[in-house]
Amino acid sequence: MHILTSKWLKLAAAGMILCGGLGMARASEARLVLTGSSTVAPLALELAKRFEQRNPGVRIDVQAGGSSRGVADARSGTADIGMASRALNSDEQDMIAHQIATDGVAMIVHRANTVPALTDRQIIAIYTGKVANWKEVGGDNGRITVVNKAEGHSTLELFLHHFGLKNSAIKALVVIGDNEQGIKTVAGSPGAIGYVSVGTAEYDAAHGAAIRLLPMDGVPASVANVANGQFKFSRPLNLVTHGAPSGWAKRFIEFAQSEQVHDLVQAQFFVPLAH
């Protein structure tokens, strides 16, 4: 498994990598480039390791950077496959989404926070700055630290869509990137609230992170409840291509959707596809 070096990243940022995939590979080596969702990337890395083991001579490079980057890179040819932890948007219908798993999104607070749950209306009020103290929503006296996701991350898009908000209306004190950064931020601030992948949060909470997952509409935030369909704040995890995939890209996507990788999907605390 290889992750692109800083030199490669600088070249990519400067627009000097003209095309991803097999065209950049040496004659003796097939190569795939995947870019996009920081939620999908850890799973894609594990999928790539197993795929490389079963297909000697194939090299797969995985880069995070957000779902919007993944879609854009797949569209432009910078990447063979994009990674998106959301459904395609209305202006992305020239792309094809290949679902490989399902994930939920959890609202998280510090483990010491006494608030048992929040309604959608309370969450909206908190994120728009209308409620600034935990005592206003049934908690202890203390300032609320609103943690939001950065632009380009599908978790932000899902959050905005679910609560009917515009990002410009959110009064965030902290803006974070990936799930682990969000969890560390909330775990380090007793007054904080954020939202991250259910699977990542559930795993980290079980392994000592000072966070607590809040229920939504009375349903506990858990991978089990995402799997059984009771937890509605969920999303597809997709690999994205510009047109029908072929060659090694097609083979990798089929592998990523197969029962051969259910253990890898579950190890990342996502829900595998039904077969």
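The values are calculated or read from the model by the stated rules, or taken from the named source; none is laboratory data. Small disclaimer: the values here were computed from a predicted structure and weren't measured. With ideal geometry, Cβ positions are generated from the backbone for all residues, glycine too; neighbour counts draw on all protein chains shown. The area values use the complete protein model at the heavy-atom level, side chains included, leaving out ligands, DNA and RNA. Shrake-Rupley method; radii C 1.70, N 1.55, O 1.52, S 1.80 Å.
Annotation note: Cβ proximity below 6 Å between a residue of the stretch 98-122 that is closer than 18 Å to VAL186 by Cβ and among the β-branched types (Val, Ile, Thr) and a residue that is in a loop (DSSP other than H, G, I, E, B) and open to solvent by 50 Å² or more (accessible area, probe 1.4 Å) (sequence gap 6+ or interchain) occurs for THR114/ASP140; VAL115/GLY138. Provide a single number: the residues in the stretch 217-237 that are more than 18 Å from VAL265 (Cβ to Cβ), at pLDDT below 95 and open to solvent by less than 60 Å² (accessible area, probe 1.4 Å). Matching residues across the stretch 217-237 total 1. Look at the stretch 216-263 and say how many of its residues are part of a helix (DSSP H, G or I), more than 16 Å from the chain's Cα centre (by Cα) and of a type in the set (A, V, I, L, M, F, W, C). Residues that pass the stated criteria total 9. Go through the residues of the stretch 176-189 one by one and say whether even a single one is open to solvent by 40 Å² or more (accessible area, probe 1.4 Å) and at pLDDT 95 or above. Yes: the stretch 176-189 contains one or more residues that are open to solvent by 40 Å² or more (accessible area, probe 1.4 Å) and at pLDDT 95 or above. Looking at the structure I just gave you, is GLY199 farther than 26 Å from ALA267 by Cα and either in contact (Cβ under 8 Å) with a residue 24 or more places away in the chain or touching a helix residue (DSSP H, G or I) at 6+ places or on another chain (Cβ under 8 Å) (or both)? For GLY199, the condition - farther than 26 Å from ALA267 by Cα and either in contact (Cβ under 8 Å) with a residue 24 or more places away in the chain or touching a helix residue (DSSP H, G or I) at 6+ places or on another chain (Cβ under 8 Å) (or both) - is not met.
Those residues that are part of a loop (DSSP other than H, G, I, E, B), of a type in the set (A, V, I, L, M) and open to solvent by 40 Å² or more (accessible area, probe 1.4 Å), I need them from the stretch 119-143; list them, please.
ALA132
Select from the stretch 144-163 the residues that are open to solvent by 50 Å² or more (accessible area, probe 1.4 Å) and either touching a strand residue (DSSP E or B) at 6+ places or on another chain (Cβ under 6 Å) or under 15 Å from LEU214 (Cβ atoms) (or both) and list them in ascending order.
Here is the first cut: in the stretch 144-163, the residues open to solvent by 50 Å² or more (accessible area, probe 1.4 Å) are 151, 157, 161-162.
Passing the criteria: only HIS162.
Among residues of the stretch 131-148 that are more than 16 Å from ILE176 (Cβ to Cβ) and at pLDDT 95 or above, those with a beta-carbon under 7 Å from a residue that is of a type in the set (Asp, Glu) and in a loop (DSSP other than H, G, I, E, B) at least six positions away or on a different chain give the pairs TRP134/ASP140.
Restricting attention to the stretch 238-249, does a residue exist that is surrounded by 15 or more Cβ atoms within 10 Å (Cβ to Cβ) and touching a Pro at 6+ places or on another chain (Cβ under 6 Å)? No - not one qualifying residue is present in the stretch 238-249. Report, by residue number, each residue of the stretch 164-175 that is in contact with a Gly (Cβ under 9 Å, 6 or more places away or on another chain) and either among the charged types (D, E, K, R) or open to solvent by 30 Å² or more (accessible area, probe 1.4 Å) (or both). Result: ALA169, LYS171, VAL174. Residues in the stretch 75-90 that are part of a helix (DSSP H, G or I), closer than 19 Å to HIS153 by Cβ and at pLDDT 95 or above: ARG75 alone. Would the stretch 42-49 turn up any residue that is at pLDDT 95 or above, open to solvent by 30 Å² or more (accessible area, probe 1.4 Å) and more than 19 Å from THR241 (Cα to Cα)? So far as the stretch 42-49 goes, yes, one or more of its residues are at pLDDT 95 or above, open to solvent by 30 Å² or more (accessible area, probe 1.4 Å) and more than 19 Å from THR241 (Cα to Cα). One residue alone among ALA112, ALA84, ALA72, ALA101 is touching a Lys or Arg at 6+ places or on another chain (Cβ under 9 Å) and of a type outside the set (Asp, Glu), and that residue is ALA112. Selection of the stretch 95-118 for residues being within 30 Å of SER246 (Cβ to Cβ) and in a strand (DSSP E or B) yields ILE96, ALA97, HIS98, GLN99, ILE100, ALA101, THR102, ASP103. All of ARG69, ARG86 fail the test of being crowded, with 18+ Cβ neighbours inside 10 Å, of a type in the set (Lys, Arg) and within 27 Å of ALA192 (Cα to Cα), apart from ARG86.
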